[in-house]
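Enquirer: Input: one structure, supplied below.
The values are calculated or read from the model by the stated rules, or taken from the named source; none is laboratory data. Since the structure is predicted, the reported quantities are computational estimates derived from the model, not experimental observations. All Cβ positions, even for glycine, are placed from backbone atoms using ideal geometry, and neighbour counts span all protein chains on display. Note: accessible area is taken over every heavy atom of the protein model, side chains too, but ligands, DNA and RNA are not part of it. Shrake-Rupley method; radii C 1.70, N 1.55, O 1.52, S 1.80 Å.
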Amino acid sequence: MSTYAVIESGGKQYKVEKGSSLLVDRLNAGEGDVVSLRPVLFRDKEVVAAPKELEQVKVEAKVAEHLRGPKIKVFKYKPKKGYRRRAGHRSELTRLEVTELKLGAGKAKAKAKAEPKEKAAAKPAAKKAAKPKAKPKPKPKPKPKAKPKAAAKKDDDGA
């Protein structure tokens, strides 16, 4: 059984093996750069699919080239109505060559070591940044309600 992984890039999933080449939607990386890909599943001697275990999986690929896909023509037509629309596009793509595919605890250990240092560094900064709390603003006093006006006085002359 060969080692492979299913990775996610651009909302799509791809099955990759070490040394394989694949076309994905354009990535913001220069040619020759090494990019890390997000694994969804890893298969070696056993299957790894749990998110906690996938943090230990390392999938790296080298950007081989940036290219454009084939021209795709779109033609919309409704008979007897005179409705014809032409459109089309060419996809911006990136060719990746998978260089590394392994299950290792190096990534998880590095995170575990880095977290205590970050927390320790954050505590003194938090104490310095703490300022005395300002008094809350008093609520505005409610306006007195308008008194109802007295009913108009009637003349005793007429009615």
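Enquirer: What accessible area, in Å² to the nearest ten, does a 1.4 Å probe give for residue 66?
Expert: The value for residue 66 is about 50 Å².
Enquirer: Something else about it: For residue 52 and residue 139, what is the calculated FRET efficiency with R₀ set at 35 Å and r taken between the beta-carbons, to the nearest 0.05?
Expert: Calculated value: 0.10.
Enquirer: Given the peptides 10-21, 34-45, arrange them by the average over their residues of other C-beta atoms within 10 Å, most packed first.
Expert: 34-45, 10-21
Enquirer: Roll a 1.4 Å probe over the protein chains and send me the accessible area per residue for segment 29-93 in Å².
Expert: 76 Å²
Enquirer: Can you flag which of 18/71; 15/73; 15/62 are past 22 Å Cα-Cα?
Expert: Violating the 22 Å limit, Cα to Cα: 18/71; 15/73.
Enquirer: Now, a different point. Counting only protein chains, not ligands or nucleic acids, how are 94, 99 ordered by accessible area (probe 1.4 Å), most first?
Expert: Largest accessible area first, the residues go 99, 94.
Enquirer: Working with all protein chains in place, sort 46, 8, 97 by solvent-accessible area computed with a 1.4 Å probe, largest first.
Expert: 46, 97, 8
Enquirer: If I model a spin label at residue 83 and residue 23 as a point 7 Å from the Cα along the Cα→Cβ vector, what separation in nanometres do I get?
Expert: About 3.2 nm separates the two model spin labels.
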